[in-house]
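The next block holds one structure in the form of structure tokens; read it before the comments.
The values are calculated or read from the model by the stated rules, or taken from the named source; none is laboratory data. Worth saying up front: this structure is predicted, and the values here are computed from it rather than measured. Because the Cβ atoms are built from the backbone with ideal geometry, glycine has one as well, and the counts that use them run over all protein chains shown. These accessible areas exclude ligands, DNA and RNA; they are computed on the full protein's heavy atoms, side chains included. Shrake-Rupley method; radii C 1.70, N 1.55, O 1.52, S 1.80 Å.
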Amino acid sequence: MHVEVDSLDKSFGPTRVLKGCSLGIDRGEVVTLLGPSGCGKTTLLRCIAGFHVPEEGRVVIGGRDMTLVPPWRRDVGMIFQSYALFPHLDVRRNVEYGLSVRRVARAERDRRVAKAIEIVSLGGLADRYPSQLSGGQQQRVAIARVLVLEPTVLLLDEPFNALDAKLRYAMQVELRKLVKNLGITTIFVTHDQSEALTLSDRVAVMRGGEIEQVAAPLGVYDTPASDYVADFIGSANAIAGEARAGRLEIAPGVGLASRVEGGAVAIVRPENLRVEPIESETDDAWCGRVGFVRALGATVEYEVEVPGRDAVKVLALRLASDDVLELGQVVRVSLRDPDACPVLPAPAR
């Protein structure tokens with residue numbers, strides 16, 4: 001392991017923010033800490049960087065215990081939410097700044113600055129000031145300023161928040177390619193599940209100061225460890241019921257194989273459901289009325305109001321010739337693939 005987080009506990013006053021967090025990251029791996037605001041992901045990142053010292057546990061980087069080592073001696077680079085570029089310095093001098101502070105020789109400084117600027121494709125903009133750059137270009141300057149220090153670990157704290165949606169996605173792809181090409185161990189913090197899926201080799205989903213699940217992006221999506229993880233990664237219908245004799249019935253005539261006995265929750269992804277219009281509701285089928293419609297071009301989102309249950313979310317692929325169902329229309333809901341619906345123990349109340 002290149003980075004090991006071992007049983008970290010961190011509190012601020014009476015509030016315990018991290019609760020026994022453990023995580024191992026291989027050299028060159030990209031891992032995302034994913035979770036809502038207040039779950040502890042930024043605190044965990046700052047413990048790895050050295051800006052926070054945990055009350056319990058260890059941070060090991062490259063086989064060395066770094067728990068009490070100050071940030072500037074950890075060989076890590078960190079990019080913050082605000083790029084914190086110096087407005088009075090051009091691109092070249094912004095990138096060079098860290099090397100100047102470290103008193104790196106002029107020839108070596110020039111070589112490394114030129115290389116870093118080339119890596120982020122800003123060669124023609126080296127003489128421009130931050131105010132003359134777009135948001136994406138400023139982002140790349142911030143990345144170059146860290147890369148020039150040649151860290152073995154790169155830490156990023158929600159660096160795309162200020163970008164518009166299209167540029168945000170482009171920068172995610174660009175960053176993913178860059179860090180994989182350079183082989184830098186990278187830890188990324190976000191609350192955006194689409195970013196996590198785009199960037200990561202593995203995702204660590206956090207809740208309430210604890211790591212709930214660590215897996216590859218599709219592993220977290222397909223086999224979530226809890227209904228919380230399922231709902232945070234993508235969209236999901238969490239359908240509760242009582243499992244008996246290896247079967248959980250989630251709707252009239254619709255049952256799933258279950259290893260759980262008693263209280264259980266089935267995770268049904270919206271794209272794993274289909275809807276079709278019918279004349280009237282029946283008691284022996286999974287039926288309801290369309291309560292919400294959102295056409296997204298290639299797909300259509302529906303919510304079907306089922307008597308006595310929460311609304312069921314459906315994501316349907318729309319062909320050009322297809323009609324979009326109308327509000328209030330009576331429909332039958334059916335499963336596409338029952339085997340793609342994990343059944344989990346019901347959460348403790």
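Can you find a residue in the stretch 78-86 that is touching a Ser or Thr at 6+ places or on another chain (Cβ under 8 Å), open to solvent by less than 50 Å² (accessible area, probe 1.4 Å), at pLDDT below 95 and farther than 17 Å from ALA204 by Cβ? Let's see the steps before the verdict.
Step one: of the stretch 78-86, the residues touching a Ser or Thr at 6+ places or on another chain (Cβ under 8 Å) are none.
Checked the stretch 78-86: no residue is touching a Ser or Thr at 6+ places or on another chain (Cβ under 8 Å), open to solvent by less than 50 Å² (accessible area, probe 1.4 Å), at pLDDT below 95 and farther than 17 Å from ALA204 by Cβ.
Select from the stretch 22-45 the residues that are touching a helix residue (DSSP H, G or I) at 6+ places or on another chain (Cβ under 7 Å) and in a strand (DSSP E or B) and write down the one among them that is nearest to LEU178 (Cα to Cα). Working first, answer last.
So the first thing to find is which residues in the stretch 22-45 are touching a helix residue (DSSP H, G or I) at 6+ places or on another chain (Cβ under 7 Å), and the list is 30, 32-35.
Going one step further and asking which of them are in a strand (DSSP E or B), we end up with 30, 32-34.
Details: VAL30: 11, THR32: 16, LEU33: 19, LEU34: 21 Å.
This residue is VAL30.
Condition (residue is outside any loop (DSSP other than H, G, I, E, B), open to solvent by less than 50 Å² (accessible area, probe 1.4 Å), under 24 Å from GLY24 (Cα atoms) and assigned by TED's automatic domain parsing to the domain that holds ARG176) applied to the stretch 112-134: is it met by at least one residue? First the steps, then the outcome.
Pass one, the stretch 112-134, residues outside any loop (DSSP other than H, G, I, E, B): 112-119, 123-125, 130-132.
Cutting the leftovers down to open to solvent by less than 50 Å² (accessible area, probe 1.4 Å) gives us 112-113, 116-117, 125, 130.
With under 24 Å from GLY24 (Cα atoms) added as a condition, the list becomes none.
Scanning the stretch 112-134 turns up no residue that is outside any loop (DSSP other than H, G, I, E, B), open to solvent by less than 50 Å² (accessible area, probe 1.4 Å), under 24 Å from GLY24 (Cα atoms) and assigned by TED's automatic domain parsing to the domain that holds ARG176.
For VAL265, indicate whether it is open to solvent by less than 80 Å² (accessible area, probe 1.4 Å), part of a strand (DSSP E or B) and more than 19 Å from VAL229 (Cβ to Cβ). Outline the logic, then answer.
Numbers: open to solvent by less than 80 Å² (accessible area, probe 1.4 Å): yes; part of a strand (DSSP E or B): yes; more than 19 Å from VAL229 (Cβ to Cβ): no.
No.
Of all residues being modelled with pLDDT of 85 or more and acidic (Asp, Glu) in the stretch 280-313, which is farthest from GLU249 (Cα to Cα)? Just the residue, please.
Per the stated criteria, the residue is GLU301.
Tally up the residues in the stretch 325-341 that are in contact with a helix residue (DSSP H, G or I) (Cβ under 8 Å, 6 or more places away or on another chain) and open to solvent by less than 60 Å² (accessible area, probe 1.4 Å), please.
Of the residues in the stretch 325-341, the ones in contact with a helix residue (DSSP H, G or I) (Cβ under 8 Å, 6 or more places away or on another chain) are 335-337, 340-341.
Cutting the leftovers down to open to solvent by less than 60 Å² (accessible area, probe 1.4 Å) gives us 335, 340-341.
Residues that pass the stated criteria total 3.
Which residue out of TYR228, TYR169 is aromatic (Phe, Trp, Tyr), out of contact with any Pro (no Cβ under 9 Å at 6 or more places or on another chain) and surrounded by fewer than 21 Cβ atoms within 10 Å (Cβ to Cβ)? Let's see the steps before the verdict.
Values: TYR228 fails: out of contact with any Pro (no Cβ under 9 Å at 6 or more places or on another chain).
Within the list TYR228, TYR169, the selection yields TYR169.
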